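K.L.:
Pasting a structure here, questions to come.
The values are calculated or read from the model by the stated rules, or taken from the named source; none is laboratory data. Note that the structure is a prediction, hence the values are computed from the model and not measured. Cβ placement follows ideal geometry from the backbone for every residue including glycine, while neighbour counts extend to all protein chains displayed.
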Amino acid sequence: MIVSWDMIMILAPAFIAGALISLAHIPLGIEVLKRGIIFLDLAVAQCAALGMLAFHVYIDNEVMDPQYANIGALISGLTAAMVCSFALHTLEKKAGHFQEALIGCTFILAASLSILIMSGDPHSNEQMKDILAGQILWANWSDLQLSGTIFILVSFIWMRFGIYRNKIFYPLFALTIPFSVNLIGVYLVFASLILPALATVKIKKGRAFTAYMLSTFAFAIGLFFSYVADLPSGPAIVLTLASLSVLIFFITVKND
(Lines give C-alpha, C1' and ligand atoms only; values in the text may rest on other atoms or scores of the structure.)
Protein backbone atom coordinates (compact mmCIF):
# COMPACT_ATOMS: atom_id res chain seq x y z
CA MET A 1 0.00 0.00 0.00
CA ILE A 2 1.31 3.45 -0.96
CA VAL A 3 1.71 5.81 1.96
CA SER A 4 -0.37 8.89 1.18
CA TRP A 5 -0.21 12.39 2.62
CA ASP A 6 -3.66 11.91 4.16
CA MET A 7 -2.43 8.80 5.97
CA ILE A 8 0.58 10.69 7.33
CA MET A 9 -1.62 13.54 8.55
CA ILE A 10 -3.93 11.12 10.35
CA LEU A 11 -1.21 8.95 11.88
CA ALA A 12 1.28 11.70 12.79
CA PRO A 13 -0.45 13.03 15.96
CA ALA A 14 -1.22 9.47 17.08
CA PHE A 15 2.43 8.45 16.65
CA ILE A 16 3.69 11.56 18.48
CA ALA A 17 1.22 10.74 21.27
CA GLY A 18 2.71 7.25 21.51
CA ALA A 19 6.25 8.62 21.51
CA LEU A 20 5.45 11.12 24.28
CA ILE A 21 3.59 8.53 26.34
CA SER A 22 6.57 6.17 26.01
CA LEU A 23 8.81 8.93 27.32
CA ALA A 24 6.98 8.80 30.66
CA HIS A 25 5.94 5.14 30.67
CA ILE A 26 9.36 3.56 30.11
CA PRO A 27 11.05 4.77 33.34
CA LEU A 28 7.86 4.28 35.36
CA GLY A 29 7.37 0.78 33.95
CA ILE A 30 10.95 -0.20 34.79
CA GLU A 31 10.39 1.08 38.32
CA VAL A 32 7.13 -0.87 38.65
CA LEU A 33 8.95 -4.05 37.62
CA LYS A 34 11.78 -3.28 40.01
CA ARG A 35 9.35 -2.88 42.91
CA GLY A 36 7.43 -6.02 41.98
CA ILE A 37 4.05 -4.27 41.94
CA ILE A 38 3.02 -5.23 38.42
CA PHE A 39 -0.70 -4.70 38.85
CA LEU A 40 -0.28 -1.16 40.16
CA ASP A 41 -0.65 -0.03 36.53
CA LEU A 42 -4.02 -1.71 36.13
CA ALA A 43 -5.31 -0.62 39.54
CA VAL A 44 -4.46 3.07 39.08
CA ALA A 45 -5.55 3.03 35.43
CA GLN A 46 -8.88 1.42 36.32
CA CYS A 47 -9.44 3.95 39.11
CA ALA A 48 -8.73 6.75 36.63
CA ALA A 49 -11.18 5.13 34.21
CA LEU A 50 -13.75 4.90 37.01
CA GLY A 51 -13.40 8.62 37.70
CA MET A 52 -13.77 9.50 34.03
CA LEU A 53 -16.75 7.22 33.56
CA ALA A 54 -18.48 8.57 36.67
CA PHE A 55 -18.03 12.10 35.35
CA HIS A 56 -19.53 11.22 31.97
CA VAL A 57 -22.51 9.41 33.52
CA TYR A 58 -23.38 11.68 36.45
CA ILE A 59 -22.12 15.12 35.42
CA ASP A 60 -21.51 15.43 31.68
CA ASN A 61 -24.52 13.46 30.39
CA GLU A 62 -24.01 14.92 26.89
CA VAL A 63 -24.99 18.47 27.89
CA MET A 64 -21.54 19.99 28.29
CA ASP A 65 -19.31 21.43 25.60
CA PRO A 66 -16.99 18.56 24.45
CA GLN A 67 -13.86 20.53 25.33
CA TYR A 68 -15.01 21.22 28.89
CA ALA A 69 -16.36 17.69 29.24
CA ASN A 70 -12.93 16.27 28.36
CA ILE A 71 -11.21 18.53 30.89
CA GLY A 72 -13.77 17.60 33.53
CA ALA A 73 -13.27 13.90 32.85
CA LEU A 74 -9.49 14.31 33.12
CA ILE A 75 -9.82 16.12 36.45
CA SER A 76 -12.16 13.42 37.74
CA GLY A 77 -9.83 10.67 36.55
CA LEU A 78 -6.80 12.45 38.01
CA THR A 79 -8.53 12.79 41.38
CA ALA A 80 -9.43 9.09 41.46
CA ALA A 81 -5.90 8.10 40.42
CA MET A 82 -4.36 10.33 43.10
CA VAL A 83 -6.60 8.88 45.82
CA CYS A 84 -5.78 5.33 44.68
CA SER A 85 -2.03 6.02 44.56
CA PHE A 86 -2.02 7.73 47.95
CA ALA A 87 -3.89 4.82 49.54
CA LEU A 88 -1.59 2.19 47.98
CA HIS A 89 1.51 4.20 48.89
CA THR A 90 0.29 4.45 52.49
CA LEU A 91 -0.25 0.69 52.61
CA GLU A 92 3.08 -0.11 50.90
CA LYS A 93 5.11 -0.57 54.09
CA LYS A 94 2.26 -1.99 56.16
CA ALA A 95 1.01 -4.58 53.69
CA GLY A 96 4.32 -6.39 53.19
CA HIS A 97 3.99 -9.36 50.84
CA PHE A 98 0.21 -8.79 50.74
CA GLN A 99 0.65 -5.56 48.80
CA GLU A 100 0.16 -7.12 45.37
CA ALA A 101 -3.03 -8.79 46.61
CA LEU A 102 -4.36 -5.44 47.82
CA ILE A 103 -3.50 -3.86 44.48
CA GLY A 104 -5.39 -6.64 42.70
CA CYS A 105 -8.40 -6.11 44.97
CA THR A 106 -8.31 -2.40 44.20
CA PHE A 107 -8.46 -3.14 40.49
CA ILE A 108 -11.40 -5.52 40.91
CA LEU A 109 -13.33 -3.06 43.07
CA ALA A 110 -12.77 -0.21 40.62
CA ALA A 111 -13.77 -2.40 37.66
CA SER A 112 -16.91 -3.61 39.48
CA LEU A 113 -17.91 -0.05 40.38
CA SER A 114 -17.44 0.94 36.73
CA ILE A 115 -19.83 -1.80 35.62
CA LEU A 116 -22.40 -0.75 38.23
CA ILE A 117 -22.19 2.85 37.05
CA MET A 118 -22.60 1.77 33.42
CA SER A 119 -25.69 -0.28 34.22
CA GLY A 120 -27.73 2.87 34.70
CA ASP A 121 -26.72 4.65 31.51
CA PRO A 122 -27.48 3.29 28.03
CA HIS A 123 -24.72 5.41 26.46
CA SER A 124 -21.91 4.44 28.82
CA ASN A 125 -20.96 1.16 27.10
CA GLU A 126 -19.33 3.02 24.21
CA GLN A 127 -17.53 5.33 26.63
CA MET A 128 -16.24 2.37 28.61
CA LYS A 129 -15.05 0.70 25.42
CA ASP A 130 -13.11 3.86 24.49
CA ILE A 131 -11.62 4.09 27.99
CA LEU A 132 -10.50 0.45 27.95
CA ALA A 133 -9.35 0.02 24.35
CA GLY A 134 -8.54 3.68 23.60
CA GLN A 135 -8.94 5.81 20.51
CA ILE A 136 -5.35 6.83 19.87
CA LEU A 137 -5.75 6.59 16.09
CA TRP A 138 -8.05 9.62 16.22
CA ALA A 139 -5.85 11.72 18.48
CA ASN A 140 -5.28 15.25 17.18
CA TRP A 141 -2.70 17.93 17.87
CA SER A 142 -4.92 19.73 20.37
CA ASP A 143 -5.12 16.53 22.44
CA LEU A 144 -1.34 16.63 22.85
CA GLN A 145 -0.99 20.19 24.10
CA LEU A 146 -1.68 19.41 27.75
CA SER A 147 -1.01 15.66 27.78
CA GLY A 148 2.30 15.96 25.92
CA THR A 149 3.47 18.62 28.36
CA ILE A 150 2.61 16.33 31.29
CA PHE A 151 4.54 13.39 29.81
CA ILE A 152 7.62 15.51 29.11
CA LEU A 153 7.43 17.06 32.59
CA VAL A 154 7.15 13.66 34.29
CA SER A 155 10.13 12.33 32.32
CA PHE A 156 12.21 15.40 33.18
CA ILE A 157 11.38 15.26 36.90
CA TRP A 158 12.17 11.55 37.03
CA MET A 159 15.59 12.03 35.43
CA ARG A 160 16.45 15.30 37.19
CA PHE A 161 15.50 14.30 40.72
CA GLY A 162 16.70 10.71 40.74
CA ILE A 163 17.70 10.74 44.40
CA TYR A 164 14.06 11.36 45.38
CA ARG A 165 12.54 8.64 43.23
CA ASN A 166 11.25 6.69 46.20
CA LYS A 167 9.17 9.72 47.21
CA ILE A 168 8.06 11.00 43.81
CA PHE A 169 7.20 7.65 42.18
CA TYR A 170 3.58 7.40 43.31
CA PRO A 171 2.68 11.08 42.66
CA LEU A 172 4.25 10.99 39.20
CA PHE A 173 2.56 7.69 38.44
CA ALA A 174 -0.84 9.06 39.50
CA LEU A 175 -0.26 12.22 37.44
CA THR A 176 0.68 10.31 34.29
CA ILE A 177 -1.92 7.53 34.17
CA PRO A 178 -5.17 9.54 33.69
CA PHE A 179 -3.73 11.41 30.71
CA SER A 180 -2.46 8.12 29.27
CA VAL A 181 -5.82 6.41 29.78
CA ASN A 182 -7.56 9.33 28.10
CA LEU A 183 -5.39 8.90 24.99
CA ILE A 184 -4.68 5.18 24.68
CA GLY A 185 -6.99 3.30 27.05
CA VAL A 186 -6.42 1.03 30.05
CA TYR A 187 -5.19 -2.01 28.10
CA LEU A 188 -2.50 -0.16 26.20
CA VAL A 189 -1.46 1.75 29.32
CA PHE A 190 -0.65 -1.55 31.03
CA ALA A 191 1.04 -3.00 27.95
CA SER A 192 3.21 0.07 27.28
CA LEU A 193 4.34 0.20 30.92
CA ILE A 194 5.13 -3.48 31.47
CA LEU A 195 6.03 -5.11 28.13
CA PRO A 196 9.05 -2.90 27.24
CA ALA A 197 10.32 -3.22 30.81
CA LEU A 198 10.01 -7.01 30.66
CA ALA A 199 11.54 -7.24 27.18
CA THR A 200 14.68 -5.38 28.25
CA VAL A 201 15.12 -6.89 31.71
CA LYS A 202 18.41 -8.58 30.67
CA ILE A 203 19.89 -5.40 29.19
CA LYS A 204 22.32 -3.70 31.55
CA LYS A 205 23.54 -0.84 29.37
CA GLY A 206 21.08 1.43 27.60
CA ARG A 207 18.03 -0.43 28.87
CA ALA A 208 15.74 2.61 29.00
CA PHE A 209 16.75 3.73 25.51
CA THR A 210 16.19 0.24 24.05
CA ALA A 211 12.79 0.01 25.77
CA TYR A 212 11.85 3.45 24.44
CA MET A 213 12.78 2.55 20.87
CA LEU A 214 10.85 -0.72 21.17
CA SER A 215 7.77 1.11 22.43
CA THR A 216 7.77 3.87 19.80
CA PHE A 217 8.42 1.39 16.98
CA ALA A 218 5.51 -0.75 18.21
CA PHE A 219 3.25 2.32 18.23
CA ALA A 220 4.27 3.15 14.66
CA ILE A 221 3.76 -0.40 13.30
CA GLY A 222 0.55 -0.96 15.27
CA LEU A 223 -0.96 2.33 14.13
CA PHE A 224 -0.07 1.66 10.50
CA PHE A 225 -1.50 -1.85 10.65
CA SER A 226 -4.73 -0.72 12.33
CA TYR A 227 -5.19 2.05 9.75
CA VAL A 228 -4.58 -0.21 6.76
CA ALA A 229 -6.64 -3.13 8.08
CA ASP A 230 -9.35 -0.90 9.59
CA LEU A 231 -8.93 -2.48 13.03
CA PRO A 232 -9.10 -0.98 16.54
CA SER A 233 -5.78 0.78 17.14
CA GLY A 234 -5.36 -0.03 20.84
CA PRO A 235 -5.49 -3.84 20.53
CA ALA A 236 -3.39 -3.70 17.34
CA ILE A 237 -0.63 -1.81 19.15
CA VAL A 238 -0.83 -4.14 22.17
CA LEU A 239 -0.32 -7.19 19.95
CA THR A 240 2.51 -5.50 18.06
CA LEU A 241 4.18 -4.47 21.30
CA ALA A 242 3.83 -7.99 22.71
CA SER A 243 5.32 -9.58 19.58
CA LEU A 244 8.29 -7.22 19.47
CA SER A 245 8.85 -7.59 23.21
CA VAL A 246 9.04 -11.37 22.94
CA LEU A 247 11.50 -11.03 20.05
CA ILE A 248 13.74 -8.56 21.91
CA PHE A 249 13.62 -10.64 25.10
CA PHE A 250 14.80 -13.83 23.39
CA ILE A 251 17.50 -11.97 21.45
CA THR A 252 18.89 -10.44 24.65
CA VAL A 253 18.63 -13.72 26.58
CA LYS A 254 20.51 -15.52 23.79
CA ASN A 255 23.26 -12.90 23.82
CA ASP A 256 23.41 -12.71 27.60
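K.L.:
So which of Thr210, Thr200, Thr149 ends up being within 17 Å of Ala24 (Cα to Cα), loosely packed, with under 15 Cβ neighbours inside 10 Å and either of a type outside the set (D, E, K, R) or within 14 Å of the chain's Cα centre (by Cα) (or both)?
P.N.:
Thr149
K.L.:
Here's a follow-up. Output the residue which, of all residues in region 131-146 that are surrounded by fewer than 18 Cβ atoms within 10 Å (Cβ to Cβ) and among the polar types (S, T, N, Q), is nearest to Leu231 (Cα to Cα).
P.N.:
Ranking the candidates gives Asn140 first.
K.L.:
Residue under question is Gln127, and the condition is that it be part of a helix (DSSP H, G or I) and at pLDDT below 90; does it hold?
P.N.:
yes
Residues are listed down the side, and each one gets a yes or a no for (1) outside any helix (DSSP H, G or I); (2) hydrophobic (A, V, I, L, M, F, W, C); (3) surrounded by fewer than 23 Cβ atoms within 10 Å (Cβ to Cβ); (4) touching a residue at least 40 places away in the same chain (Cβ under 8 Å):
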position	(1), (2), (3), (4)
Phe15	no, yes, yes, yes
Leu33	no, yes, yes, yes
Ala48	no, yes, no, yes
Gly51	no, no, no, yes
Ala73	no, yes, no, yes
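K.L.:
What are the residues in region 7-43 that are more than 28 Å from Phe98 (Cα to Cα) and in contact with a Gly (Cβ under 6 Å, 6 or more places away or on another chain), if any?
P.N.:
Answer for region 7-43, where residues must be more than 28 Å from Phe98 (Cα to Cα) and in contact with a Gly (Cβ under 6 Å, 6 or more places away or on another chain): just Leu20.
K.L.:
Quick test for you: out of Phe86, Phe107, pick the one residue that is surrounded by fewer than 16 Cβ atoms within 10 Å (Cβ to Cβ) and either aromatic (Phe, Trp, Tyr) or touching a residue at least 40 places away in the same chain (Cβ under 8 Å) (or both).
P.N.:
From the options Phe86, Phe107, the qualifying one is Phe86.
K.L.:
Right, another one. Do we have any residue at all in region 234-241 that's of a type in the set (Gly, Ala, Ser), surrounded by fewer than 17 Cβ atoms within 10 Å (Cβ to Cβ) and in a helix (DSSP H, G or I)?
P.N.:
Checking region 234-241: not a single residue is of a type in the set (Gly, Ala, Ser), surrounded by fewer than 17 Cβ atoms within 10 Å (Cβ to Cβ) and in a helix (DSSP H, G or I).
K.L.:
Looking for whichever is more than 26 Å from Ala208 (Cα to Cα), out of contact with any Lys or Arg (no Cβ under 9 Å at 6 or more places or on another chain) and at pLDDT 95 or above here; the options are Val44, Val3, Val63, Val83. Which one fits?
P.N.:
Val83
K.L.:
Same structure, new question: Quick one: in region 9-41, of everything that is within 13 Å of Ala139 (Cα to Cα) and of a type in the set (Val, Ile, Thr), which residue is modelled with the lowest pLDDT?
P.N.:
My answer is Ile10.
K.L.:
Would you mind finding the one in Val253, Val246, Val228 that is in contact with a Lys or Arg (Cβ under 7 Å, 6 or more places away or on another chain), surrounded by fewer than 20 Cβ atoms within 10 Å (Cβ to Cβ) and outside any loop (DSSP other than H, G, I, E, B)?
P.N.:
Val253 is the lone residue from the list that is in contact with a Lys or Arg (Cβ under 7 Å, 6 or more places away or on another chain), surrounded by fewer than 20 Cβ atoms within 10 Å (Cβ to Cβ) and outside any loop (DSSP other than H, G, I, E, B).
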